[in-house]
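A.B. asks: Just dropping this structure here.
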Amino acid sequence: KIEQVRDMLLKADVPLSVHFEQARGLPNAVTGVLHPVPDEEMPMPPEEIDDGPMVVPPPVDLDIDLSQPLGLTFDQRLVVQTVQKNSQASRLGIGPGWQVLGLAGDELSSRKELEQKLEVFKAEGSLGQSMMFQPTAVTAARAKELGAASAAALMRERALTLEREEEEVRKNMREVTLEVDLTQPLGILFNKFLEADQVNGGSQSARLGVQPGWRAVSLAGEKFKETRELVAKIQALKEEGTTAVSAVFLAPPLAEPKEAEPPSVEEVKPKAMEVSMDLTLDLSQPLGIGFRDNLEAKEIKSGSQGSSLGIEPGWRLVTLNGEALSNSKELVAKIKGLKSGGATSASSSWKRPAPEELQEVSMDLSEALGVTWAEQLVVQAVLGQAERLGIQAQWQLRRLGSEEVLAPEDFESKLKVLKESNGQAPKEVKLGFLVPPGGPQKRPRTEP
């Protein structure tokens with residue numbers, strides 16, 4: 001009886017020799033050696049199985065947390081030998097005899113291959129991966145009893161539910177771009193998922209409106225997965241002499257009432273007036289214009305035909321030789337058709353934005369502007385230099401010097417280039433803001 005064997009093993013000194021004979025009288029024998037095993041790694045006792053045919057369950061795909069031990073031991077064929085009590089593996093329902101089939105979608109054949117892949121994922125900062133197991137065979141009656149309610153299936157379903165819930169939360173979250181002053185501490189205590197667990201009162205982050213639960217996404221345009229990467233980036237920027245950068249956070253949706261939400265760009269930005277222009281194009285030379293798909297001029301090559309005709313970014317091509325166009329493919333096809341017909345020129349009609357009156361302020365490049373941006377460079381909050389310059393919430397930044405800016409990242413990039421212009425960087429630069437109709441104009445600057 002198995003009880004006799006257990007009693008003998010408990011009293012015996014190990015290692016010891018054990019002799020096995022194969023059942024059903026087959027002429028086969030195996031001799032092996034038992035070695036000491038720590039108590040916490042003692043194999044779980046096999047479940048009593050009912051009479052009846054054995055059934056092999058389908059493979060199970062489980063999500064494992066790489067930040068904590070699995071609590072398993074494997075043989076060379078990746079068959080589970082022991083499962084530690086209260087370990088990650090035991091919580092997932094994994095048992096002795098289960099075999100690892102793959103990791104992160106890749107098939108595995110040896111324990112060494114598994115260990116190497118795990119080391120690579122950990123070095124990359126991966127927090128979790130999918131691991132496929134083949135459970136041990138059970139009786140047909142037991143398989144029917146377990147069904148979808150097996151521990152592994154339940155854990156898998158729970159993990160998928162959590163993933164779906166987190167993805168849904170991320171969809172509902174909003175991106176907030178902040179300008180961070182690197183000469184001051186952030187005042188944020190991050191967890192390993194880059195979420196703000198604590199924001200110190202009176203700190204820079206508190207003044208910028210950061211709240212617990214916000215998640216850091218990127219700094220100076222570079223995305224991060226772990227807090228240590230963010231800290232290393234901040235240190236590197238400080239060593240380079242950078243004093244201010246843009247940081248992007250994921251924040252929960254703004255609370256009700258809706259009237260308290262920052263106005264959308266559509267509310268801030270008045271409907272642009274357009275002016276028609278008729279120009280004759282020379283088909284024997286390139287236009288030198290980069291178009292968006294809606295035929296809006298995105299960039300004009302210096303010295304090109306488009307530049308000599310006075311075309312500017314934002315102009316939109318409407319017709320060519322009286323034929324309406326809707327996208328860049330139609331434009332290319334139309335020009336090819338005209339050229340093949342021997343035409344050397346074509347009339348064109350354009351729509352250009354009417355000139356806008358922008359509120360200009362002079363930014364001191366030696367210090368941070370102090371603006372928190374909403375989408376499309378709409379001012380959300382001001383402090384420091386921006387407050388002294390009289391910049392108001394809901395203003396929309398349109399120009400940096402003579403260049404158009406489209407997004408917070410675009411502004412930061414062009415501002416950095418301006419500051420690093422071969423040691424000849426200006427001390428100030430003009431910023432052009434679009435003020436919403438009826439909105440407050442610039443307050444007079446108070447001179448010290």
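A.B. asks: With respect to LYS414, determine if the residue is closer than 14 Å to SER246 by Cβ and either modelled with pLDDT of 85 or more or in contact with an Asp or Glu (Cβ under 7 Å, 6 or more places away or on another chain) (or both).
C.D. replies: Values: closer than 14 Å to SER246 by Cβ: yes; either modelled with pLDDT of 85 or more or in contact with an Asp or Glu (Cβ under 7 Å, 6 or more places away or on another chain) (or both): yes.
For LYS414, the condition - closer than 14 Å to SER246 by Cβ and either modelled with pLDDT of 85 or more or in contact with an Asp or Glu (Cβ under 7 Å, 6 or more places away or on another chain) (or both) - is met.
A.B. asks: A further question follows. Given (1) open to solvent by 70 Å² or more (accessible area, probe 1.4 Å); (2) at pLDDT 80 or above; (3) closer than 30 Å to LYS351 by Cβ, identify the lone condition not met by GLU267.
C.D. replies: Failing condition for GLU267: (2).
A.B. asks: Further question: Could you list, in sequence order, all residues of region 223-253 that are touching a Lys or Arg at 6+ places or on another chain (Cβ under 7 Å) and not in a loop (DSSP other than H, G, I, E, B)?
C.D. replies: If the condition is that a residue be touching a Lys or Arg at 6+ places or on another chain (Cβ under 7 Å) and not in a loop (DSSP other than H, G, I, E, B), then THR227, PHE249, LEU250, ALA251 are the ones that fit.
A.B. asks: Take the conditions at negative phi, free of Cβ contacts under 8 Å to residues at least 40 places away in the same chain and of a type outside the set (S, T, N, Q) and apply them to VAL405. Does it pass?
C.D. replies: Spelling it out, VAL405 is indeed at negative phi, free of Cβ contacts under 8 Å to residues at least 40 places away in the same chain and of a type outside the set (S, T, N, Q).
A.B. asks: If I ask for residues that are over 19 Å from GLU229 (Cα atoms) and touching a residue at least 24 places away in the same chain (Cβ under 8 Å), which ones from region 185-204 would you list?
C.D. replies: If the condition is that a residue be over 19 Å from GLU229 (Cα atoms) and touching a residue at least 24 places away in the same chain (Cβ under 8 Å), then GLN204 is the only one that fits.
A.B. asks: Residue check, ALA220 against (1) open to solvent by less than 30 Å² (accessible area, probe 1.4 Å); (2) at positive phi; (3) not β-branched (Val, Ile, Thr), all met but one. Which one?
C.D. replies: (1)
A.B. asks: Would you check which residues across region 318-348 are out of contact with any Asp or Glu (no Cβ under 8 Å at 6 or more places or on another chain), of a type outside the set (A, V, I, L, M, F, W, C), part of a loop (DSSP other than H, G, I, E, B) and surrounded by 12 or more Cβ atoms within 10 Å (Cβ to Cβ) and list them? Outline the logic, then answer.
C.D. replies: First pass over region 318-348, keeping only residues out of contact with any Asp or Glu (no Cβ under 8 Å at 6 or more places or on another chain): 318-326, 329-333, 335-343, 346.
Within this subset, residues satisfying the condition of being of a type outside the set (A, V, I, L, M, F, W, C) are 319, 321-323, 326, 329-330, 336-337, 339-342.
Add one more test, that the residue is part of a loop (DSSP other than H, G, I, E, B), and what stays is 321-322, 326, 341-342.
Within region 318-348, just ASN321 meets the criteria.
A.B. asks: Could you check region 108-134 and list, in sequence order, the residues that are of a type outside the set (Lys, Arg), open to solvent by 30 Å² or more (accessible area, probe 1.4 Å), in contact with a strand residue (DSSP E or B) (Cβ under 7 Å, 6 or more places away or on another chain) and over 13 Å from LEU66 (Cα atoms)?
C.D. replies: Within region 108-134, MET132, GLN134 qualify.
A.B. asks: How about region 161-222: which strands (runs of 3 or more DSSP E) wholly inside it have at least 2 residues that are β-branched (Val, Ile, Thr) and at pLDDT 85 or above?
C.D. replies: Because the criterion is at least 2 residues that are β-branched (Val, Ile, Thr) and at pLDDT 85 or above, the strands (runs of 3 or more DSSP E) in region 161-222 that meet it are 174-181.
A.B. asks: Please state which of the following conditions GLN76 fails to meet, knowing it meets all the rest: (1) within 14 Å of MET131 (Cα to Cα); (2) open to solvent by 40 Å² or more (accessible area, probe 1.4 Å).
C.D. replies: Looking at each condition in turn, GLN76 falls short on (1).
A.B. asks: Is there any pair with a first residue in region 298-317 that is in a helix (DSSP H, G or I) and a second that is of a type in the set (D, E, K, R) whose Cβ atoms are under 7 Å apart and which are 6 or more apart or on different chains, and what are they?
C.D. replies: From region 298-317, the pairs are GLN305/ASP282; SER307/LYS301.
A.B. asks: Then there is this: Filter region 81-107 down to the residues that are under 29 Å from the mean Cα position of the chain (by Cα) and assigned to a loop (DSSP other than H, G, I, E, B), then identify the one that is surrounded by the most Cβ atoms within 10 Å (Cβ to Cβ).
C.D. replies: The selected residue is LEU92.
A.B. asks: Just to be sure I understand the filter: pairs with C-beta atoms under 9 Å, separated by 6 or more residues or on different chains, first member in region 327-339 and closer than 18 Å to SER284 by Cβ, second member in a helix (DSSP H, G or I). Which pairs pass?
C.D. replies: none
A.B. asks: Any chance region 352-365 includes a residue that's in a loop (DSSP other than H, G, I, E, B), of a type outside the set (Asp, Glu), at pLDDT 85 or above and crowded, with 21+ Cβ neighbours inside 10 Å? Even if it seems obvious, please write down each step before you answer.
C.D. replies: From region 352-365, those in a loop (DSSP other than H, G, I, E, B) are 354-358, 365; that's our starting set.
Now restrict to residues that are of a type outside the set (Asp, Glu): 354-355, 358, 365.
When the remaining residues are screened for being at pLDDT 85 or above, the result is 365.
Subsequent filtering for residues that are crowded, with 21+ Cβ neighbours inside 10 Å retains none.
For region 352-365, residues in a loop (DSSP other than H, G, I, E, B), of a type outside the set (Asp, Glu), at pLDDT 85 or above and crowded, with 21+ Cβ neighbours inside 10 Å: absent.
A.B. asks: Tell me which residues, restricted to region 366-387, are among the hydrophobic types (A, V, I, L, M, F, W, C) and either within 29 Å of TRP315 (Cα to Cα) or part of a loop (DSSP other than H, G, I, E, B) (or both).
C.D. replies: Passing the criteria: ALA368, LEU369, TRP373, ALA374, LEU377, VAL378, VAL379, LEU383.
A.B. asks: Being closer than 30 Å to ILE391 by Cα and of a type in the set (Asp, Glu) is the filter here; which residues of region 329-380 pass it?
C.D. replies: Residues satisfying the conditions are GLU356, GLU357, GLU360, ASP364, GLU367, GLU375.
The values are calculated or read from the model by the stated rules, or taken from the named source; none is laboratory data. Note that the coordinates shown come from a computational prediction; the quantities given were computed from them, not determined experimentally. Because the Cβ atoms are built from the backbone with ideal geometry, glycine has one as well, and the counts that use them run over all protein chains shown. When the accessible area is computed, the model is the full protein with side chains, heavy atoms only, and any ligands, DNA or RNA have been set aside. Shrake-Rupley method; radii C 1.70, N 1.55, O 1.52, S 1.80 Å.
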